[in-house]
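The values are calculated or read from the model by the stated rules, or taken from the named source; none is laboratory data. Quantities reported herein were computed from a predicted structural model and do not represent experimental measurements. No Cβ is skipped: glycine too gets one built from the backbone with ideal geometry, and neighbour counts run over all protein chains shown. The protein model used for the area step is the full one, side chains on, heavy atoms only, and it has no ligands, DNA or RNA in it. Shrake-Rupley method; radii C 1.70, N 1.55, O 1.52, S 1.80 Å.
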Amino acid sequence: QVQLVESGGGLVQPGGSLRLSCAASGSFFSIYDMGWYRQAPGKQRELVARISRDGSTTYIDSTKGRFTISRDNAKNTVYLQMNSLEPEDTAVYYCNARMSVLTYWGQGTQVTVSS
């Protein structure tokens, strides 16, 4: 069983930055593929970025060059650094841990980009 707790969301102006953190409890964090998803009102949840157990990363096109996902296995934590934020990035951001058929979700953290 893995429990995920996100933090770092909030209100930011367009062009600003936020760093999201996701702390994982339980063992064997390093063997999980970790991801950040987001869900805007009225839209489906979508993958934002993923980092595999070996450190390789994947981003959706709209976040490439602006967002960076990273992980610290010693701290059981995955991060999402978000720069040059746009109003379209407004959503609830969810942390995800995945290994084979097992998948776990955090409770989400709200990110609002508005002037």
What about Leu47, is it within 11 Å of the chain's Cα centre (by Cα), in a strand (DSSP E or B) and aliphatic (A, V, I, L, M)? yes
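May I ask you to list the residues in the stretch 20-37 that are part of a strand (DSSP E or B) and buried (at least 22 other Cβ atoms within 10 Å of the Cβ)? Give the steps one after another, and end with the answer.
Kept after step one, since they are part of a strand (DSSP E or B), are these residues of the stretch 20-37: 20-24, 33-37.
Across the stretch 20-37, the qualifying residues are Leu20, Cys22, Ala24, Met34, Gly35, Trp36.
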The correct count of residues that are farther than 18 Å from Glu6 by Cβ, in contact with a Phe, Trp or Tyr (Cβ under 9 Å, 6 or more places away or on another chain) and open to solvent by 60 Å² or more (accessible area, probe 1.4 Å) in the stretch 55-70 is 1
Filtering the stretch 77-96 down to residues that are buried (at least 16 other Cβ atoms within 10 Å of the Cβ) and either modelled with pLDDT under 95 or assigned to a helix (DSSP H, G or I) (or both) yields Asp89
Which number in (1) touching a residue at least 12 places away in the same chain (Cβ under 8 Å); (2) over 15 Å from Leu47 (Cα atoms) marks the one condition that Tyr104 misses? (2)
Taking the stretch 38-54 and keeping only residues that are open to solvent by 40 Å² or more (accessible area, probe 1.4 Å) and out of contact with any Phe, Trp or Tyr (no Cβ under 9 Å at 6 or more places or on another chain), one is left with Pro41, Gly42, Lys43, Gln44, Asp54
For Gln13, all conditions in the list (1) modelled with pLDDT under 95; (2) loosely packed, with under 13 Cβ neighbours inside 10 Å hold save one; what is the number of the exception? (1)
